[in-house]
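Working notes, structure below.
The values are calculated or read from the model by the stated rules, or taken from the named source; none is laboratory data. Keep in mind that this is a model prediction, so the values were computed, not measured. Here Cβ is always computed from backbone atoms with ideal geometry, including for glycine, and neighbour counts include all displayed protein chains.
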Amino acid sequence: MLHHARRSVARTLSAGFTLIELLAVILIISILMFFLLPKIPEAMDQANVTACKKNLGEIYSGLVMYNTKHKDLPKEGGAKFIGALIASGVWNNTKDRAESLSCPAVKRSALTGLSAENPEDWFRTLDGVDGTYSAYAGRDVKRFPLRRFPDGSGKEVLVADDNDPEMNHRTTTCALLDSGVVATYELYELQEKGILDKEAEHLVVGPDSPIEELRKVSLD
């Protein structure tokens with residue numbers, strides 16, 4: 001009888017210890033969620049920024065190829081500036097190439113120009129291509145032609161996030177320079193420098209941009 005009672009007490013203690021362990025695990029998970037969940041959007045956005053930089057790097061390589069073939073850059077600005085890589089045959093017209101001509105952070109559904117289901121139809125020709133086809137803004141080459149390319153000064157913007165109607169990325173704007181470097185403009189830094197108001201929620205790109213270099217790209 002005594003032996004049976006001891007076993008019952010042992011089982012009770014064992015069950016109580018298991019419950020404590022369970023509560024401890026729940027507490028640890030809760031703490032981790034409290035600290036990590038707010039960082040998930042930031043981590044996802046940073047991944048999109050990295051993918052965006054990769055896209056812009058590939059576009060630069062494409063523009064170098066275009067310049068080698070045609071002895072010049074594309075003649076039209078905005079979305080046509082980058083769409084010419086496919087329309088001219090410099091790039092193979094594939095789904096991956098077509099999708100790389102827009103910022104990966106912006107959903108395809110937000111780009112109303114991409115109504116064709118087949119990505120190979122998006123930039124087959126430049127007829128009708130405008131700012132609704134891409135979340136990138138291409139160089140306004142008619143107003144701001146480049147004197148040198150490639151191996152430029154590293155100060156001229158070729159392609160940038162269009163941030164239309166809001167930031168492509170939560171706080172970062174990516175811009176491809178004529179040297180092939182991808183520069184970034186951080187919203188908070190621009191606010192601290194007084195370039196943007198503290199209340200500003202996005203950096204305007206295009207003719208009305210507070211950044212001189214970003215005024216040389218077109219949203220068309």
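Restrict the check to the stretch 151-173 and report whether at least one residue is exposed (fewer than 14 other Cβ atoms within 10 Å of the Cβ) and over 20 Å from residue 214 (Cβ atoms). Yes, there is a match, as at least one residue in the stretch 151-173 is exposed (fewer than 14 other Cβ atoms within 10 Å of the Cβ) and over 20 Å from residue 214 (Cβ atoms). Just give me the residues in the stretch 60-84 being among the hydrophobic types (A, V, I, L, M, F, W, C) and surrounded by fewer than 24 Cβ atoms within 10 Å (Cβ to Cβ), in sequence order. Within the stretch 60-84, 64, 65, 73 qualify. Restricting the stretch 47-86 to residues that are more than 18 Å from the chain's Cα centre (by Cα) and not in a helix (DSSP H, G or I) leaves a set whose member that is nearest to residue 173 (Cα to Cα) is 77. Figure legend. Inter-residue proximity from the stretch 153-166: first residues of a type in the set (Ser, Thr, Tyr) and assigned to a strand (DSSP E or B), second residues surrounded by fewer than 24 Cβ atoms within 10 Å (Cβ to Cβ) and modelled with pLDDT under 95, beta-carbon distance below 6 Å, spacing 6+ or different chains. No pairs are indicated.
Across the stretch 184-220, which residue is surrounded by the fewest Cβ atoms within 10 Å (Cβ to Cβ) among those that are assigned to a loop (DSSP other than H, G, I, E, B) and in contact with a Gly (Cβ under 9 Å, 6 or more places away or on another chain)? Spell out the reasoning first.
In the first step, residues of the stretch 184-220 are kept if they are assigned to a loop (DSSP other than H, G, I, E, B); the result is 193-211, 219-220.
Checking the rest, the ones that are also in contact with a Gly (Cβ under 9 Å, 6 or more places away or on another chain) come to 219-220.
Values: 219: 23, 220: 17.
Only one residue fits best here, namely 220.
Take the conditions among the polar types (S, T, N, Q) and closer than 18 Å to residue 77 by Cα and apply them to residue 209. Does it pass? Working first, answer last.
Values: among the polar types (S, T, N, Q): yes; closer than 18 Å to residue 77 by Cα: yes.
Considered against the rule, which asks whether it is among the polar types (S, T, N, Q) and closer than 18 Å to residue 77 by Cα, residue 209 comes out as yes.
Tell me whether the stretch 91-111 contains one or more residues that are among the charged types (D, E, K, R), part of a loop (DSSP other than H, G, I, E, B) and surrounded by fewer than 20 Cβ atoms within 10 Å (Cβ to Cβ). Yes, the stretch 91-111 contains a residue that is among the charged types (D, E, K, R), part of a loop (DSSP other than H, G, I, E, B) and surrounded by fewer than 20 Cβ atoms within 10 Å (Cβ to Cβ). Of the residues 124, 147, 143, the single one that is free of Cβ contacts under 8 Å to residues at least 12 places away in the same chain, closer than 23 Å to residue 72 by Cβ and surrounded by fewer than 19 Cβ atoms within 10 Å (Cβ to Cβ) is 147. If the condition is being among the acidic types (Asp, Glu) and either in a loop (DSSP other than H, G, I, E, B) or touching a Cys at 6+ places or on another chain (Cβ under 8 Å) (or both), then the stretch 112-124 contributes only 117. For residue 127, the conditions (1) closer than 23 Å to residue 53 by Cβ; (2) part of a loop (DSSP other than H, G, I, E, B) are fulfilled apart from (1).
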